[in-house]
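The structure under discussion appears below in the form of C-alpha cells.
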Amino acid sequence: NLRGLGPDATLTLLNGRRLSYDGFSQAVDISAIPLAAIDQVQVVTDGASAIYGSDAVGGVANVLLKRDVKGVTASALYGGATSGGLERRQSSLTMGDTWSSGGVLAALQYDDTQDIDVSDRSYTGGLRQPYSLYPASRQWSAVVSLHQALGERVEASLDVTGADRRTQSWISYP
C-alpha cells in the first residue's frame, strides 16, 4: 500500500517477476514468503506504471530471495503481550545447496498467534463476552527457489510459494 493508494496500486515482485493476487482481495499476501528466505526488499515509491503497467501506479516492491544458501538453519520465536493474549510462536527451517552453475533454496515457516480476548484488556469492560479483539491465526508458508545456468548468458529459474492460513472468527466461543 505505497503512497496510500491501496494495495492494488502497488506491484509486488518476487525475484523480479510478478506475484499473483490472493483469492480475497486485489493484493499480494507477502506473508506467504518465509522471512528466513528473504535476502532484501527493493522498493520503488514513485509510480512505475510506464514500465510495469497500471498495477504499479503506487510503486513497486521487489522481494529478493537468498541465492547462495548452503546448509540448514532453524529458528524459533516466542512472545506475548504484557496484558495477556496475543501469544505468538514462530518457527522456521531453511535449507539450501549450491553448485558451480546454480543452487536451490527451500524454506518452511509456521506461525501460531493466539487471539486477544475481551477479558484480556481492562478497557473493554463494556463489550459483551465472548468476543475477540484480535483473531487467532495459524499459518504454514513455504518457498522453493531453484536457479541453474544453461550457458554464459542464459539462466533458468523457478520460484514456488505456498501458504495455508487459518483464522478464527472475530467472535470466539470457548
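Odds and ends about this structure:
- Per residue, the solvent-accessible area of the range 1-90 (1.4 Å probe, heavy atoms of protein chains only, all protein chains present) comes to 61 Å².
- Computed over the range 78-163, relative contact order equals 26 percent, with contacts defined as Cα pairs under 8 Å that lie 6+ residues apart.
- For the chain, adding -39500 (n - 2.57) for each run of n ≥ 4 DSSP H residues and dividing by the number of residues yields -500 deg cm²/dmol at 222 nm.
- Accessible surface, per residue, of the range 106-160 when the full set of protein chains is kept, probe 1.4 Å, Å²: 60 Å²
- Carbon/sulfur fraction of accessible area - the range 1-83, other protein chains in place, 1.4 Å, %: 54 percent
- Among beta bridges from DSSP that stay inside the chain, the antiparallel ones total about 90%.
- Environment charge at Leu86 (Cβ cut-off 15 Å; Lys +1, Arg +1, Asp -1, Glu -1): -2
- Local net charge near Gln168, Cβ-Cβ under 10 Å (Lys/Arg +1, Asp/Glu -1): +1
- Electrostatic bookkeeping for Tyr134 treats Lys and Arg as +1 and Asp and Glu as -1; over the other residues with beta carbon under 13 Å from its beta carbon, the sum is -2.
- 27 Å tail of the calculated P(r), the chain, as % of Cα pairs: 44 percent
- Sequence-distant residues sharing a close amide H with Gly102 (under 5 Å, placed H): Ala149
- When you restrict to C-alpha pairs under 8 Å that are six or more residues apart and normalise by the size of the range 46-125, the relative contact order lands at 24 percent.
- Listed values for the range 146-153 are Karplus-derived 3J(HN,Hα) couplings in whole Hz (6.51 cos²θ - 1.76 cosθ + 1.60, θ = phi - 60°), namely 10, 9, 9, 6, 10, x, 5, 10, and x replaces Gly and Pro.
- Three-way shape label, the range 72-122, alpha-carbon gyration tensor, a/c 1.5: prolate
- FRET efficiency, 1/(1 + (r/R0)^6) with R0 35 Å, evaluated for Ser101 and Trp140 via beta carbons: 0.65
The values are calculated or read from the model by the stated rules, or taken from the named source; none is laboratory data. Nothing here was measured: the structure is a model prediction, and the numbers come from that model. Using ideal geometry, Cβ is built from the backbone for each residue, glycine included, and neighbour counts are taken over all protein chains shown. Side chains included, ligands, DNA and RNA excluded: accessible areas come from the protein's heavy atoms. Shrake-Rupley method; radii C 1.70, N 1.55, O 1.52, S 1.80 Å.
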